[in-house]
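Data first, discussion second: the structure below is written as structure tokens.
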Amino acid sequence: MKLGERLQQTRLERELTQQNLATAMHVSRQTISNWETGRTYPDIDSLIGLSNYFDLSLDVLLKEDRGVTDYLKRQEVAAQLAPVSKLSTILTYLILTISLFAPMSDIWSLIILIAVVLLIILNHRLEKFTENVNGVSITTNHKAFNWPKFRWWLIALASIVTIVGIWLYIHFGQTELILIWIVVTAGGWLLIGILELLFRFNVFAS
């Protein structure tokens, strides 16, 4: 029997609603619904809570549904990859900040562009993996301002603006227009950095 079917059967036998169980487990009713339909799985702490609440063997819950153990393994991998995701984000900002003060050359611009593109792809893949593990898009957790959805588009745009600024500086020198361009570019990266910090501290959470 699948874990979701077992939970639903046991809940109905105890004459509990999804909301009753959600309150007892300190989660939303939608989370209980997702567990019962097999859309998502409970994490290890929730599994222990369900085991204690329904007086069910944790060993049975884990062995009945192979998907649960697979999910827990993926969740462990996602937790191990979280520092990598943060590091790649920091590296993206660091590389582009350095580019504003580094010697200007066509080859340097190309290196920066390649590095930023690779980091953007890496971050995107890591976030998609995390979404798949959790069974829900991280972009739905911040309805007030959907920063994860726009983050990499803004970084890509700012990267292009930075590369164009470097190219203009190389070919036309330090003109008033290019100085304004550099200031605006630096301000854009500062804004992106501030928004990222606000997101990390859950300021946008609804």
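Modelled with pLDDT under 85, under 27 Å from the mean Cα position of the chain (by Cα), assigned to a helix (DSSP H, G or I) and not assigned by TED's automatic domain parsing to the domain that holds Asn123: does that describe Gln30?
Against the criterion (modelled with pLDDT under 85, under 27 Å from the mean Cα position of the chain (by Cα), assigned to a helix (DSSP H, G or I) and not assigned by TED's automatic domain parsing to the domain that holds Asn123), Gln30 does not qualify.
Leu7 - would you say it is more than 28 Å from the chain's Cα centre (by Cα), assigned to a helix (DSSP H, G or I), outside the structural domain of Gln174 (by TED's automatic domain parsing) and closer than 30 Å to Lys128 by Cβ?
Yes; evaluated as a whole, the condition is true for this residue.
Mind checking which helices (runs of 4 or more DSSP H) fall wholly inside the stretch 37-149 and carry at least 1 residues that are modelled with pLDDT under 70, assigned by TED's automatic domain parsing to the domain that holds Ala24 and exposed (fewer than 13 other Cβ atoms within 10 Å of the Cβ)?
Of the helices (runs of 4 or more DSSP H) lying wholly inside the stretch 37-149, none has at least 1 residues that are modelled with pLDDT under 70, assigned by TED's automatic domain parsing to the domain that holds Ala24 and exposed (fewer than 13 other Cβ atoms within 10 Å of the Cβ).
The values are calculated or read from the model by the stated rules, or taken from the named source; none is laboratory data. Bear in mind that the values here come from a model prediction, so they are computed numbers and not experimental data. Here Cβ is always computed from backbone atoms with ideal geometry, including for glycine, and neighbour counts include all displayed protein chains.
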